[in-house]
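The values are calculated or read from the model by the stated rules, or taken from the named source; none is laboratory data. The structure presented is a predicted model; accordingly, all values stated were derived computationally and were not measured. Neighbour counts are summed over all protein chains in view; Cβ atoms, including those assigned to glycine, are modelled from backbone coordinates with ideal geometry. Each accessible area value is taken on the protein alone, full model and side chains, heavy atoms only, with ligands, DNA and RNA left out. Shrake-Rupley method; radii C 1.70, N 1.55, O 1.52, S 1.80 Å.
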Amino acid sequence: MNEHINTNDQHPASAKRLALFSLLFIALTVAGLYAVYDQFAGQSISFDIRLIAPQTLTALTGLLLVYFVSDGLRLHFTLRALGHHLSFPVIFRLVFINLFFSNVTPMATGGGFAQIWYLHRHGVPVGRATAATTIRTVLAVLFIFSLTPVFLLTLDAFNGQSITGDLGMALAIFILIYLGFFVILLFRTRWLIGPFSGLLRILNRWKLITDTRHMHWQFKAKREMLRFSHSFGDYLQGKPLFVVLSVLFTAVFLLSLFSFPALLIHSLGYDIDYLMSLGLLVVTTFIMYFSPTPGASGISEGVFGSFFSGILSGNHLILVIVSWRLITIYLGMFIGLGVLQKELIKRRRKSG
């Protein structure tokens, strides 16, 4: 990525495309909820006033604050480790902009670009912005992908389910390969350049890519892999306190994220095993990482409904799913949309 490109003149996504993705997000969410309602909830749903009891709302508000604040702080300390310091208002506006874009674009592709666009507008070079957002994501991925095989193979809740057995072992092996790839990418990048260059040469020899594209991809792949590796090296060589705090707040962020269902279920009077609820959410989130739909819409509701159908009664299942997504996703998306609009209006005024 060219450090000298003028990202101030680029929009993170077109309004028409965002509108289409937003409609797709809504449609798939409704489809996922209906599937859960039909397959796991026994076509039953009812509101329970205990979800809006003062003590429940107080606990949810406190956990939500921890969730948002830790999300901002994990990026803040990642940037500090890379030698950049942005004000907290800027950081926390980015938290909500990221929540909006990453949930209305497939595979969270727009989230990364929007963060880079925003950070560059506030003085962070494009390469460093890319490194910061990527490292923040990698830290979360390392936590989730490391814990998923542990929960898959140890939790009683997965005994007898199709996700365990051969599939569970295959997932565990895949996760180890995935994590191994990241370790090599970070610490032995040059080991990957040779095989990848060989693959591109084969594709070019088979006429699957043109000579021009072959040369372009060879250069770009080597450059980006080395840039990322160097940036990660700079991150590890940053002040140890900032590195440790970025990892710590990533763990706090994930723990708060995974704690919402347990709190909701407990508020409805169930005697919930917190570790089991935590494990089910870790595996759910792992599956969501590979969802091609915007914000894992439809798939997240279906997986959650499948996993928690043995814990919740049918009339509470949809209620908890909607509450969980409302608190962790929809609320942040609405705030993010408002923040984005203010940023774009401010930008137009400056350019005008």
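Do you know which of the residues in the range 10-27 that are modelled with pLDDT of 75 or more and farther than 11 Å from Val104 by Cα is most open to solvent (accessible area, probe 1.4 Å)?
The extreme case among them is Lys16.
Say we look at the range 303-352 and pick out the residues that are among the basic types (Lys, Arg) and either touching a residue at least 60 places away in the same chain (Cβ under 8 Å) or in contact with a helix residue (DSSP H, G or I) (Cβ under 7 Å, 6 or more places away or on another chain) (or both); which of these is most open to solvent (accessible area, probe 1.4 Å)?
Let us first name the residues in the range 303-352 that are among the basic types (Lys, Arg), namely 325, 342, 346-350.
Checking the rest, the ones that are also either touching a residue at least 60 places away in the same chain (Cβ under 8 Å) or in contact with a helix residue (DSSP H, G or I) (Cβ under 7 Å, 6 or more places away or on another chain) (or both) come to 325, 347.
Working: Arg325: 2, Arg347: 40 Å².
Among those that are among the basic types (Lys, Arg) and either touching a residue at least 60 places away in the same chain (Cβ under 8 Å) or in contact with a helix residue (DSSP H, G or I) (Cβ under 7 Å, 6 or more places away or on another chain) (or both), it is Arg347.
Identify, please: which residue in the range 265-302 is within 21 Å of Gln43 (Cα to Cα) and aliphatic (A, V, I, L, M) and is, among those, most open to solvent (accessible area, probe 1.4 Å)?
First, the residues of the range 265-302 that are within 21 Å of Gln43 (Cα to Cα): 265, 268, 270, 297-302.
Pick out the ones that are also aliphatic (A, V, I, L, M) and you get 265, 268, 299.
Numbers: Ile265: 0, Leu268: 6, Ile299: 58 Å².
It comes out as Ile299.
Test Leu248 against the stated conditions and say whether it is open to solvent by 60 Å² or more (accessible area, probe 1.4 Å), assigned to a helix (DSSP H, G or I), over 16 Å from Thr134 (Cα atoms) and touching a helix residue (DSSP H, G or I) at 6+ places or on another chain (Cβ under 9 Å).
Numbers: open to solvent by 60 Å² or more (accessible area, probe 1.4 Å): yes; assigned to a helix (DSSP H, G or I): yes; over 16 Å from Thr134 (Cα atoms): yes; touching a helix residue (DSSP H, G or I) at 6+ places or on another chain (Cβ under 9 Å): yes.
Here the answer is yes, as Leu248 does meet what is asked.
State whether the residues of the range 41-51 include one that is touching a His at 6+ places or on another chain (Cβ under 8 Å), closer than 16 Å to Pro261 by Cα and in contact (Cβ under 8 Å) with a residue 40 or more places away in the chain.
Checking the range 41-51: at least one residue is touching a His at 6+ places or on another chain (Cβ under 8 Å), closer than 16 Å to Pro261 by Cα and in contact (Cβ under 8 Å) with a residue 40 or more places away in the chain.
If you check every pair at least six apart or on different chains, which have Cβ atoms under 6 Å apart with a residue in the range 248-275 that is under 24 Å from Gly332 (Cα atoms) first and a residue that is aromatic (Phe, Trp, Tyr) and open to solvent by 40 Å² or more (accessible area, probe 1.4 Å) second?
These pairs meet every condition: Leu254/Phe143; Ala262/Tyr274.
Rundown of residues vs (1) of a type in the set (D, E, K, R); (2) closer than 30 Å to Lys346 by Cα, yes/no style:
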site	(1), (2)
Ala19	no, yes
Tyr37	no, no
Ala41	no, no
Arg74	yes, yes
Phe77	no, yes
Val90	no, yes
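Looking only at the range 300-344, filter to residues that are hydroxyl-bearing (Ser, Thr, Tyr) and assigned to a helix (DSSP H, G or I); which one of those is farthest from the chain's Cα centre (by Cα)?
Ser306
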